[in-house]
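Participant: Submitted below is the structure of interest, expressed as structure tokens.
The values are calculated or read from the model by the stated rules, or taken from the named source; none is laboratory data. Computed from a predicted structure; not experimentally measured. All Cβ positions, glycine included, derive from the backbone under ideal geometry; neighbour counts span all protein chains shown.
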Amino acid sequence: MKTKFPIERFQQLETPFYYYDLNSLDRTLDEVATLSAQYGYHIHYALKANANIPILNRISARGFGADCVSGYEVRRALETGFSPADIVFAGVGKADWEIELGLDHGISCFNSESVQELEVINEIAARKGVKARVALRINPNVDAHTHHYITTGVEENKFGINPWDREQVVRFLTTARNIEFVGLHFHIGSQITNYDVFKGLCIRINEIQSWFAGQMMIAKSINVGGGLGVNYSDPDGNGPDFKAYFEIFKHHLDLQPGQEVHFEPGRALVAHSGSLISRVLYIKEGLKTHFAILDAGMTELIRPALYQAFHLIQNITSSADGKLYDVVGPICESSDCFGKAVYLPETQRGDLIAIRSTGAYGETMSSNYNLREKAKTWYSDEIQSNDPSK
């Protein structure tokens with residue numbers, strides 16, 4: 001369904017701002033809730049993609065769990081209705097206070113990433129007189145074939161327990177009195193659009209699970225992580241094929257009787273629901289290109305500068321004949337560029353520009369660089385209720 005922006009209302013608002021189409025979000029959440037229930041899968045939404053309270057309230061209302069990578073995210077999940085029994089906590093550098101927070105609230109499990117972390121969790125749990133539920137995050141050495149900054153599952157990455165540490169981990173767990181081994185956890189990267197990569201992950205999970213079974217360690221749950229990508233070129237088209245995605249794990253994952261399968265989607269749920277709305281400040285004519293200089297910059301959306309990521313850019317107030325523009329921001333950095341040679345209707349000062357699919361890793365990665373204030377956030381239900389034309 002093509003997004004129809006309330007342009008007249010947008011003209012009245014201070015730019016830049018983030019805009020979330022909650023109807024689009026609801027459609028995606030409903031689809032995933034229905035499909036995951038059919039397969040008996042457990043969904044934990046990855047808060048790092050977008051941690052806005054109205055969005056989290058909608059996600060927790062579907063009965064999804066939360067995937068957190070900081071104590072701050074654990075707090076936010078608890079505040080927005082996620083059950084502690086459905087909160088999983090990953091991350092290579094959990095501070096003591098974060099571990100204590102998880103234990104105090106009885107979260108589902110810690111996805112532990114090193115031998116030393118296991119030792120610390122065991123010590124803190126012993127001090128509190130409780131048992132910590134732990135899943136081992138295993139580095140499966142699977143290349144996700146995505147940008148190297150968002151690849152997490154090969155041996156050169158900092159994430160997960162490597163093969164040469166497994167025997168030490170098993171020895172420790174057999175003696176740790178305050179840890180309960182509950183699962184195996186995997187995550188190989190983000191923005192994966194080649195579904196064959198997930199088949200490869202299943203094969204490695206089967207091999208790794210077989211190794212642990214040989215050590216008499218049977219996991220209650222297999223957490224396959226997230227990473228499912230979206231089509232940034234077509235935010236109004238069909239979203240990720242969740243059915244095909246779930247089918248891969250249904251057909252290629254070898255499970256023990258009664259074993260649960262858990263997923264941690266983030267971007268795939270929220271990306272297309274969000275847009276960054278900006279206003280053109282200036283048009284600068286160059287020798288080889290034209291520059292459309294916006295009031296939004298890398299402080300509002302860092303992905304193009306950090307990952308060379310593509311986002312669809314649209315002039316939503318002009319329908320004139322088109323030209324090529326380098327679409328840039330006002331930040332004092334040459335990397336502050338949203339797109340080069342972008343074909344747009346002839347653009348002028350004051351036009352509104354929509355940078356699409358920013359619902360994931362847009363607002364949540366924003367900053368105050370150059371002492372800029374954080375951009376405001378608007379939701380479709382707010383816009384409609386405050387629209388004087390209604």
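This table checks each residue for (1) in contact with a helix residue (DSSP H, G or I) (Cβ under 6 Å, 6 or more places away or on another chain); (2) at pLDDT 95 or above; (3) of a type in the set (A, V, I, L, M); (4) under 30 Å from D26 (Cβ atoms).
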| residue | (1), (2), (3), (4) |
| --- | --- |
| G350 | no, yes, no, no |
| G359 | yes, yes, no, yes |
| L371 | no, yes, yes, no |
| K374 | no, yes, no, yes |
| T377 | no, yes, no, yes |
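Participant: Got at least one residue in the range 105-127 being at pLDDT 95 or above and over 29 Å from D165 (Cα atoms)?
Facilitator: For the range 105-127, residues at pLDDT 95 or above and over 29 Å from D165 (Cα atoms): present.
Participant: Hand me the list of strands (runs of 3 or more DSSP E) wholly inside the range 214-309 holding 3 or more residues that are touching a Ser or Thr at 6+ places or on another chain (Cβ under 6 Å) and touching a residue at least 40 places away in the same chain (Cβ under 8 Å). First the steps, then the outcome.
Facilitator: Working: elements: 221-223, 260-263, 274-285, 290-294.
Passing ranges, in order: 274-285.
Participant: Here is a list: G274, G258, G214. Which entry is touching a strand residue (DSSP E or B) at 6+ places or on another chain (Cβ under 6 Å) and either modelled with pLDDT under 95 or more than 27 Å from A135 (Cβ to Cβ) (or both)? Working first, answer last.
Facilitator: Numbers: G258 fails: touching a strand residue (DSSP E or B) at 6+ places or on another chain (Cβ under 6 Å); G214 fails: touching a strand residue (DSSP E or B) at 6+ places or on another chain (Cβ under 6 Å).
Every option except G274 fails the conditions.
Participant: Looking at A135, A125, which one is touching a residue at least 12 places away in the same chain (Cβ under 8 Å), farther than 11 Å from N178 by Cβ and buried (at least 19 other Cβ atoms within 10 Å of the Cβ)?
Facilitator: So the residue among A135, A125 that is touching a residue at least 12 places away in the same chain (Cβ under 8 Å), farther than 11 Å from N178 by Cβ and buried (at least 19 other Cβ atoms within 10 Å of the Cβ) is A135.
Participant: Taking interchain pairs and intrachain pairs at least six residues apart, which have beta carbon atoms under 6 angstrom, with the first residue in the range 71-82 and over 10 Å from L47 (Cα atoms) and the second surrounded by 18 or more Cβ atoms within 10 Å (Cβ to Cβ)?
Facilitator: So the pair list comes out as G71/E98; G71/L101; T80/L56; T80/S60; G81/S60; F82/S60; F82/A66.
Participant: Look through the range 310-336, keep the residues that are in a strand (DSSP E or B) and under 22 Å from G229 (Cβ atoms), and return whichever of them is nearest to the chain's Cα centre (by Cα). If you could, list the steps in order and put the result at the bottom.
Facilitator: Applying the first criterion (in a strand (DSSP E or B)) to the range 310-336 yields 313-315, 322-328.
Now narrow it down to the ones that are under 22 Å from G229 (Cβ atoms): 313-314.
Values: I313: 21, Q314: 24 Å.
The qualifying residue nearest to the chain's Cα centre (by Cα) is I313.
Participant: While we're looking at this one, here's another question. Going by what's in this entry, would D26 be described as closer than 22 Å to S112 by Cβ and either of a type in the set (D, E, K, R) or assigned to a helix (DSSP H, G or I) (or both)? Don't jump to the end; show me each part of the working.
Facilitator: Numbers: closer than 22 Å to S112 by Cβ: no; either of a type in the set (D, E, K, R) or assigned to a helix (DSSP H, G or I) (or both): yes.
When the stated conditions are applied, D26 does not pass them.
Participant: Based on this model, can you work out whether D196 counts as touching a residue at least 40 places away in the same chain (Cβ under 8 Å) and among the charged types (D, E, K, R)?
Facilitator: Details: touching a residue at least 40 places away in the same chain (Cβ under 8 Å): no; among the charged types (D, E, K, R): yes.
Taking the combined requirement at face value, the residue does not satisfy it.
Participant: Quick one: count up the residues across the range 48-106 that are under 22 Å from L35 (Cβ atoms), within 15 Å of the chain's Cα centre (by Cα) and of a type in the set (F, W, Y).
Facilitator: 1
Participant: On to the next question. Only one residue in A85, A33 is more than 29 Å from K376 (Cβ to Cβ), in a helix (DSSP H, G or I) and without any contact (Cβ under 8 Å) to a residue 24 or more places away in the chain, so which one is that?
Facilitator: Numbers: A33 fails: without any contact (Cβ under 8 Å) to a residue 24 or more places away in the chain.
The match here is A85.
Participant: Quick one: in the range 226-235, which of the residues that are out of contact with any strand residue (DSSP E or B) (no Cβ under 7 Å at 6 or more places or on another chain) and surrounded by 15 or more Cβ atoms within 10 Å (Cβ to Cβ) is farthest from Q38 (Cα to Cα)? First the steps, then the outcome.
Facilitator: Kept after step one, since they are out of contact with any strand residue (DSSP E or B) (no Cβ under 7 Å at 6 or more places or on another chain), are these residues of the range 226-235: 230-234.
From the residues that got through so far, the ones that are surrounded by 15 or more Cβ atoms within 10 Å (Cβ to Cβ) too are 230-232.
Working: V230: 22, N231: 25, Y232: 28 Å.
Within the range 226-235, the match that is farthest from Q38 (Cα to Cα) is Y232.
Participant: Say whether the condition of being within 14 Å of the chain's Cα centre (by Cα), surrounded by fewer than 23 Cβ atoms within 10 Å (Cβ to Cβ) and of a type outside the set (S, T, N, Q) is met by at least one residue in the range 33-45.
Facilitator: Initially, the range 33-45 is screened for residues within 14 Å of the chain's Cα centre (by Cα), giving 43-45.
Checking the rest, the ones that are also surrounded by fewer than 23 Cβ atoms within 10 Å (Cβ to Cβ) come to none.
No, that holds for no residue.
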